[in-house]
Amino acid sequence: MTAMTPAPTRTSPDLSYLLDHTSHVLRTQMAAALAEIGLTARMHCVLVHALEEERTQNQLAEIGDMDKTTMVVTVDALEKAALAERRPSSTDRRARIIAVTAEGARVAARSQEIVDRVHEEALSSFPPEDRKTFLRLMNQLAQGHLNTPAPSAAPARRARQRG
């Protein structure tokens, strides 16, 4: 082939680009908004999910799709900010849980407001009736055809798990 060979004609929208680009932009907007209160998206994730129920560091890492090193760094930052602490589990003396402090709970409530606002701002580009349709269809994709990654010898980076 030469540089003069025409590119194949696209027969449908580039769904990969649309999903990847909008996801990237949403992550950057979320990071900027949470940075205003000194949090990262990972820190927010850990705080919110640790408040839901007693969870170990490994459980929280799985929910937030973090490797062990990233999780340790995240919890270290939360401890340094006095927002969370590692404690023995009440059900398994060998396990340690991440307990959110009173200040951490206050910050988690504020960060959830920020997350909700960023999501609302993203959805505000749709008329109200289209928002419900968009979310229903995205959930249908996430729970249906795009629920399970295809096996691959060179897998793509795994998306954050919903939780």
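The values are calculated or read from the model by the stated rules, or taken from the named source; none is laboratory data. Just so it is clear, the structure is predicted and the values come from calculations on it, not from any experiment. Heavy atoms of the whole protein, side chains included, go into the accessibility calculation; ligands, DNA and RNA do not. Shrake-Rupley method; radii C 1.70, N 1.55, O 1.52, S 1.80 Å.
See the values below:
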| item | result |
| --- | --- |
| Heavy-atom accessible area order for R131, R10, R93, R42, largest first, 1.4 Å probe | R93, R10, R42, R131 |
| Sulfur and carbon atoms: percent of accessible area, segment 1-150 [1.4 Å] | 56 percent |
| Residue-normalised accessible area of the chain, expressed per residue, 1.4 Å probe, Å² | 72 Å² |
| P(r) tail fraction, segment 1-131 - alpha-carbon pairs more than 21 Å apart, % | 53 percent |
| C-alpha center-to-center spacing [segment 82-153, segment 12-43] in angstrom | 13 Å |
| Alpha-carbon Rg with Dmax, taken over segment 70-142, Å | 18.1, 52 |
| Theoretical gain in end-to-end length, R94 to R136 [0.36 nm per residue, Cα-Cα removed] | 11.0 nm |
